[in-house]
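Inspection log for the structure reproduced underneath, given as structure tokens.
The values are calculated or read from the model by the stated rules, or taken from the named source; none is laboratory data. Treat the numbers as computed from the prediction; the structure is a model and nothing was measured. Virtual Cβ from ideal backbone geometry, glycine too; neighbours counted across all protein chains shown.
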Amino acid sequence: MLVMKFGGTSVQDAEAIERVAGIVRSRMRRRPVVVVSAFHGVTDQLLTLGQTAASGDGESALAQVRGLRQRHYDTAGELLGEDRFRGMRLKLDPQFEVLEQFTRGIAAIRELSARSTDYLLSFGELMSSQIVASALSARGLPALWLDSREYILTNGDFTRATPHYSDTYDRMRAGIRPLLINQQLPVLAGFISATRDGIPTTLGRGGSDFSAALVAAGINASAIEIWTDVDGIMTTDPLLCPQAHCLRRVSFREAQEMAHFGAKVLHPATLVPAMEKNIPVLVLNSRNSKSPGTRITAQPPRGRSVFTAIAARKNISTVTLTAPRESAPHWFLQEVFHILHRSACGADLVAVSEASVSFTLRTGQSTDDLLANLQEIAAVTVEDKQAIVCLLGENIRGRAGIAARAFTALGDAGINVRMISQGASEISLSFVIHERDVTEAVRRLHARFATEKSSHRRRGQRKTRLIPVEPPLQSDSVGTPEAAHTEQSPGF
């Protein structure tokens, strides 16, 4: 059994969905489940129309609803032909009518709550997945649309709901596995879910990846394929460094670190079910299905570059606290972290000494209350326009002189490092620099480390080839238990 997730760019129009049908057909003997995102850009459009309605401009919001209706009807009509399209309209018309009424309600009360946002955003995936299911059926595939809200159960944390894993997996086993045994092709909407009481929720932006991983864990799939519009994970963002190249294979832990430090790879929670069940994840390009893509595996291949990738995140602020002389170190640190916890502001990097603490925050977070509370216990300095650059790779562990070589490369360019942190996992080395220096820093580090091969190997092991040879991930070779994958924008 195989789970195939198709992102928004893979289902953005009739031509893209036609490609999806061909890819799914090539996997049919592996009994796939298809998970579908909203059409490209639709989630953002729904959020915008909700905000427009909440501002009181109901007419503009309704005009946006009509635009979405026309786009979905045009796509469905092109895919299905006249007779099938009439049947599809009978399904979609009531949903668009509900969306229009809901938009009027938002405009009337001039409020868009988190709960309302989840309900509003659910329309994108619901409609795209139904159109895709009908298109697959029209092409002779035994597609059956399923409502994800009946299978993925979550708590009530709207816009970022957490699944009830056990209940979700039970429903998957009971409801989806029998369909696969009977050679049917289940098609589900990604991203959306529901509480045990049936109230719609969402898994957060990018949550369709997470949905696919939950389905895979629930049915004990042999692999997860994430189909997007790039050839796999890149060593860094090619917009920053044109020499970036596609990675053939990374580890689960490396992929998690990439997601944490800003790489547009997978929804951060996607790998949790895959890791727990040891299900390989493969990132593939729906516009170039012959590309080998990237594998995410439990262990990376030996003998490759010291660093796997370089991630960069801008729009960072650094906060530095200096404790009063009379305060006890243990009390000061305890208070700082207590205030951070209460504020629900996530600190990506933290550097601690006896009398001071520095940490990073994403610029734009609501920090007024946080800073006010911190100023009651310490002198506070805030620097904006900062960025985090993270070097990561399993081969960092135990290597002497890595940091020195990295900072020499930066120092030669006159780039000032303001904060340094090595992750507790020992597979990442992060530092804070000014935003203006990010491009130069990434290019210099990529040039310094991208081609440097690791000679690290276990005692008694033969020396492995520097560039492992792997076959393309075609339909017959995808999904071996030791293989796996990642995703998105040139990887970053």
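Return a yes/no flag: does the range 30-50 have any residue that is of a type in the set (Phe, Trp, Tyr), assigned by TED's automatic domain parsing to the domain that holds Leu185 and assigned to a helix (DSSP H, G or I). Break it down stepwise before answering.
Going residue by residue through the range 30-50, those that are of a type in the set (Phe, Trp, Tyr) are 39.
Filter once more, keeping what is assigned by TED's automatic domain parsing to the domain that holds Leu185: 39.
Pick out the ones that are also assigned to a helix (DSSP H, G or I) and you get none.
Checking the range 30-50: not a single residue is of a type in the set (Phe, Trp, Tyr), assigned by TED's automatic domain parsing to the domain that holds Leu185 and assigned to a helix (DSSP H, G or I).
Scanning the range 289-345 for residues that are within 14 Å of Leu370 (Cβ to Cβ), free of Cβ contacts under 8 Å to residues at least 40 places away in the same chain and not in a loop (DSSP other than H, G, I, E, B) turns up Phe337, His338, Ile339, Leu340, His341, Arg342, Ser343. Among the residues examined, Leu136 does not qualify as touching a strand residue (DSSP E or B) at 6+ places or on another chain (Cβ under 9 Å), closer than 18 Å to Leu185 by Cβ and surrounded by fewer than 23 Cβ atoms within 10 Å (Cβ to Cβ).
Within the range 250-278, being over 12 Å from the mean Cα position of the chain (by Cα), in contact (Cβ under 8 Å) with a residue 60 or more places away in the chain and over 15 Å from Pro300 (Cα atoms) holds for Pro273, Ala274, Lys277.
Is it fair to say Gln64 is farther than 28 Å from Phe210 by Cα and in a helix (DSSP H, G or I)? Criteria met by Gln64.
Listed here are the residues, each with its yes/no results for (1) surrounded by 15 or more Cβ atoms within 10 Å (Cβ to Cβ); (2) over 14 Å from Ile226 (Cβ atoms); (3) outside the structural domain of Leu361 (by TED's automatic domain parsing).
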{"site": "Met275", "(1), (2), (3)": "yes, yes, yes"}
{"site": "Leu282", "(1), (2), (3)": "yes, no, yes"}
{"site": "Asn285", "(1), (2), (3)": "yes, no, yes"}
{"site": "Arg295", "(1), (2), (3)": "yes, no, yes"}
{"site": "Gln299", "(1), (2), (3)": "no, yes, yes"}
{"site": "Ala323", "(1), (2), (3)": "yes, yes, no"}
{"site": "Trp331", "(1), (2), (3)": "no, yes, no"}
{"site": "Glu335", "(1), (2), (3)": "yes, yes, no"}
{"site": "His341", "(1), (2), (3)": "no, yes, no"}
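Among the residues of the range 101-117, is any surrounded by fewer than 22 Cβ atoms within 10 Å (Cβ to Cβ), of a type in the set (A, V, I, L, M, F, W, C) and either closer than 20 Å to Gln12 by Cβ or not assigned by TED's automatic domain parsing to the domain that holds Ala217 (or both)? Within the range 101-117, not a single residue is surrounded by fewer than 22 Cβ atoms within 10 Å (Cβ to Cβ), of a type in the set (A, V, I, L, M, F, W, C) and either closer than 20 Å to Gln12 by Cβ or not assigned by TED's automatic domain parsing to the domain that holds Ala217 (or both).
Would you check if Ile199 is among the β-branched types (Val, Ile, Thr), more than 14 Å from the chain's Cα centre (by Cα), surrounded by fewer than 24 Cβ atoms within 10 Å (Cβ to Cβ) and farther than 21 Å from Ile296 by Cβ? First the steps, then the outcome.
Values: among the β-branched types (Val, Ile, Thr): yes; more than 14 Å from the chain's Cα centre (by Cα): yes; surrounded by fewer than 24 Cβ atoms within 10 Å (Cβ to Cβ): yes; farther than 21 Å from Ile296 by Cβ: yes.
Yes; evaluated as a whole, the condition is true for this residue.
It is to be established whether one or more residues within the range 200-211 are in a helix (DSSP H, G or I) and among the basic types (Lys, Arg). Looking through the range 200-211, none of the residues is in a helix (DSSP H, G or I) and among the basic types (Lys, Arg).
For the condition assigned by TED's automatic domain parsing to the domain that holds Leu141 and in contact with an Asp or Glu (Cβ under 9 Å, 6 or more places away or on another chain), what is the one hit in Ser10, Ser55?
On the way: Ser55 fails: in contact with an Asp or Glu (Cβ under 9 Å, 6 or more places away or on another chain).
Every option except Ser10 fails the conditions.
The residues on offer are Glu100, Glu125, Glu111, and the sole one that is closer than 16 Å to Ser211 by Cα, among the charged types (D, E, K, R), in contact (Cβ under 8 Å) with a residue 12 or more places away in the chain and in contact with a helix residue (DSSP H, G or I) (Cβ under 8 Å, 6 or more places away or on another chain) is Glu125.
For residues that are surrounded by 14 or more Cβ atoms within 10 Å (Cβ to Cβ) and over 20 Å from Tyr119 (Cβ atoms), tally how many sit in the range 144-166. Residues flagged as surrounded by 14 or more Cβ atoms within 10 Å (Cβ to Cβ) and over 20 Å from Tyr119 (Cβ atoms) within the range 144-166 amount to 2. Only one of the numbered conditions (1) under 27 Å from Ser286 (Cα atoms); (2) over 22 Å from the mean Cα position of the chain (by Cα); (3) of a type in the set (A, V, I, L, M) is not met by Val42, and that is (2).
Looking only at strands (runs of 3 or more DSSP E) that lie completely in the range 91-198, which have at least 2 residues being among the polar types (S, T, N, Q)? Walk me through it before giving the result.
On the way: elements: 143-146, 185-189, 192-195.
Answer list for the range 91-198: 192-195.
Residue-level check: of (1) assigned to a loop (DSSP other than H, G, I, E, B); (2) modelled with pLDDT under 90; (3) of a type outside the set (Gly, Ala, Ser), Cys241 misses just (2). Of the residues Gly156, Gly140, the single one that is free of Cβ contacts under 8 Å to residues at least 60 places away in the same chain and more than 23 Å from Val20 (Cα to Cα) is Gly156.
Within the range 346-358, if we keep just the residues that are in contact with a strand residue (DSSP E or B) (Cβ under 8 Å, 6 or more places away or on another chain) and part of a loop (DSSP other than H, G, I, E, B), the residue that is surrounded by the fewest Cβ atoms within 10 Å (Cβ to Cβ) turns out to be Gly346. Of the residues in the range 362-372, at least one is at pLDDT below 90, touching a helix residue (DSSP H, G or I) at 6+ places or on another chain (Cβ under 6 Å) and not acidic (Asp, Glu).
Quick one: would you say Arg25 is within 26 Å of Asn220 (Cβ to Cβ), of a type in the set (Lys, Arg) and exposed (fewer than 15 other Cβ atoms within 10 Å of the Cβ)? Criteria not met by Arg25.
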